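Input: a single structure, listed below in structure tokens.
The values are calculated or read from the model by the stated rules, or taken from the named source; none is laboratory data. No experiment lies behind these values; they were computed from the predicted model shown. Here the Cβ is made from the backbone with ideal geometry for all residues, glycine too, and neighbour counts use every protein chain on show. Heavy atoms of the whole protein, side chains included, go into the accessibility calculation; ligands, DNA and RNA do not. Shrake-Rupley method; radii C 1.70, N 1.55, O 1.52, S 1.80 Å.
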Amino acid sequence: MPFAQLVSSGLERALNKLLQLDPDSAAKLRKLKGRNLQVRVRELPWPLIFHFSDEISLGVVVSEGSESARPDCLIELNLETLPLLQDSSQLSALIQQQKLILIGDIYVAQSFSNLIKELDIDWEEQLAKVTNDVFAHQTFHSAKSVMLQSQDFIQQSREIWAERLTKEGAVGINQQTLDQFSEDVVKLRSATDRLAARLAILEKAHKA
Amino acid sequence: MIVSNNPQATEQNNQEQTHFGFKTVDKTQKVNMVKDVFQSVAAKYDIMNDLMSMGIHRLWKRYTIDCSGVRAGHKVLDLAGGTGDLTAKFSRIVGESGQVVLADINDAMLKVGRDKLRDLGVVGNVDYVQANAEELPFPDNTFDIITIAFGLRNVTDKDKALASMYRVLKPGGRLLVLEFSKPTNELLNKAYDAYSFHLLPKIGQLVANDADSYQYLAESIRMHPEQEVLKSMMEAVGFEQTTYQNLTGGIVALHRGFKF
Ligand SMILES: C[S@@+](CC[C@H](N)C(=O)[O-])C[C@H]1O[C@@H](n2cnc3c(N)ncnc32)[C@H](O)[C@@H]1O
């Protein structure tokens, strides 16, 4: 089975799905219409080529097809450099350090990077399309509160342990701390259960 | 008219006769018989394709496009293009300055293709032409790329069709033939035979209520020239730098040749 094509097909589908969910992306994509961008990530076995039209067509650059003309823009980089591209003021430094090779029209690379960076998807609205507004709102409310509680929990635990471990003396825990910890776990668990129950209902409704 | 069931019969044996699957029929009849097959499978063609190949045909087609070197502005002929899977992808890549011609001998397949592509929003740079691969109705040196995917084995006179493709290709252009071929591993060959002769017609019966057409498809796959033979056939009509790539163990092969 052509594995590279399986990967590019999955990526293409996911990218286009995401773009469809953001009503503003069509206008941004239009700016790139008719252009292409080749991306060589050094750790990956095959370079990818993005062709832009009303959607993104993603191809694998195979040696059998490589006699074709140069792409409009080619970028070559390591995986670790990829996140650094977010900050466009870093580009020339990255090029100088040879962490990034950029050949051709930089506008194509920048527009593509903006398209992805500025994707603005209203997930609550997307969920509301398959369920109803109230349900979607409640589910998101639950998800958000689980997120917040988890963050609080992690932060508190980190603080408690940091304090314990840096304090001189025994690493023992007093009863009050232990009670607080258990209470937090119970709270978090019930919030997670509520979210899981909601998701189960959603899944059932979707299947029906 | 069916006069023999000999699987070894080839069109070279007799000027007047050719194979239709394992059967030997008059050459003049084959075109219509193939037409009937695709007339009858047209509506269910896409779903059957997915079922029969377990979706892998999409990857074989993607690989074909990756090997085509297509870019904006190119003129592409998707020959025996049927329901237009390759056309849809090519159309997006060649853009407004390019053109794709979806050509097929069968109007039912073309119609399904046209409706599907319209639903996908593929419009503007695609033309639909009913044409026989053996006598392409285009001027010499017209196309940058020609693809024929799972079509050549249905063509009565393959040499004539290849010569016709060579004529309409621009110098520097390339032909890509994606077609079922001979698995390289004997075990896979056996498994594949069992699948195509026993399971395939049954799936055809169940889903499309048409076991005969799918029996023909299985037989025509077996009768299609294997890798090296097709390569020589391409060279004989003038193609250069011909190569082929076996995909999925040789169940399918992608042949490529250039006109210089
Ligand atoms: C198996 S389908 C392939 C369709 C499409 N290329 C794909 O890969 O999905 C074969 C197609 O070849 C067409 N065909 C058969 N004989 C032909 C000929 N002599 N000239 C042009 N097309 C032909 C049939 O009508 C049919 O649409």
- Name the residues whose placed amide hydrogens come within less than 5 Å of the amide hydrogen of A:VAL60, ignoring near sequence neighbours (fewer than 5 apart) on the same chain. A:ILE49
- Taking only protein heavy atoms and a 1.4 Å probe, what accessible area per residue, in Å², does the stretch A:3-117 have with all protein chains in place? 53
- Item | Listed peptides B:185-196, B:151-162, A:31-42, A:101-112 by packing density, highest first (mean Cβ within 10 Å) | B:151-162, A:31-42, A:101-112, B:185-196
- Task: Please report the relative contact order for chain B, taking Cα pairs under 8 Å with a sequence separation of at least 6, and give it as a percent rounded to a whole number.
- Result: 18
- Task: Per DSSP H run of n ≥ 4, the term is -39500 (n - 2.57); total these for chain B, divide by its residue number, and report the mean residue ellipticity at 222 nm rounded to 500 deg cm²/dmol.
- Result: -13000 deg cm²/dmol
- Message: Give me the 1.4 Å probe accessible area per residue for chain B, excluding ligands and nucleic acids, in Å².
- Response: 42
- Query: Given the convex hull over the Cα atoms of chain B, what projected area results after averaging over all orientations, in nm²?
  - Reply: 12.7
- In peptide B:54-60, what is the residue-averaged number of other protein chain Cβ atoms found within 10 Å of each Cβ? 3
- Item | Accessible area in the full protein assembly, largest first, 1.4 Å probe, for B:MET52, B:MET234 | B:MET52, B:MET234
- Carbon plus sulfur fraction of accessible area for the stretch B:79-219, probe 1.4 Å, in percent: 54
- Item | Kirkwood Rh, angstrom, the stretch B:91-218 [1 / mean 1/r, Cα pairs] | 17.0
- Take every residue in peptide A:196-202, count the Cβ atoms of other chains within 10 Å of its Cβ, and give the average of those counts. 0
- Query: Using modelled backbone amide H atoms (1.01 Å from N, in-plane), which distant-in-sequence or interchain residues come within less than 5 Å of B:THR24's amide H?
  - Reply: B:VAL3, B:SER4, B:ASN6
- Alpha-carbon centroid distance for the pair the stretch B:107-147 / the stretch B:24-41, whole angstrom: 21
- Just tell me which lysines come within less than 17 Å, Cα to Cα, of B:LYS160; anything on the same chain fewer than 8 places away is out. B:LYS27, B:LYS30, B:LYS231, B:LYS259
- Query: What accessible area, summed over both chains, is buried at the A-B interface (1.4 Å probe, Å², nearest 100)?
  - Reply: 1800
- Item | With every protein chain in place, the stretch A:1-121: carbon and sulfur % of accessible area (1.4 Å) | 54
- Note on the structure: Ordered by number, the residues of the stretch B:64-85 with at least 40 Å² less accessible area in the assembly than alone (1.4 Å probe) are B:ASP66, B:ARG71
- Provide the three semi-axes, in whole Å and in decreasing order, of the ellipsoid equivalent to the stretch A:3-117 as defined by the square roots of 5 times the Cα gyration tensor eigenvalues. 21, 19, 14
- Enumerate the amide H contacts of B:GLU179 below 5 Å, restricted to partners 5 or more residues apart or on another chain; note that Pro and chain-start residues carry no placed amide H. B:PHE150, B:ALA253, B:HIS255
- Task: Work out which residues of the stretch A:1-50 lose at minimum 40 square angstrom of accessible surface when the other protein chains are put back, relative to the chain isolated, with a 1.4 angstrom probe, and list them by number.
- Result: A:MET1, A:PRO2, A:GLN5
- Other chains' Cβ within 10 Å of A:79-88 residues: what's the mean? 0
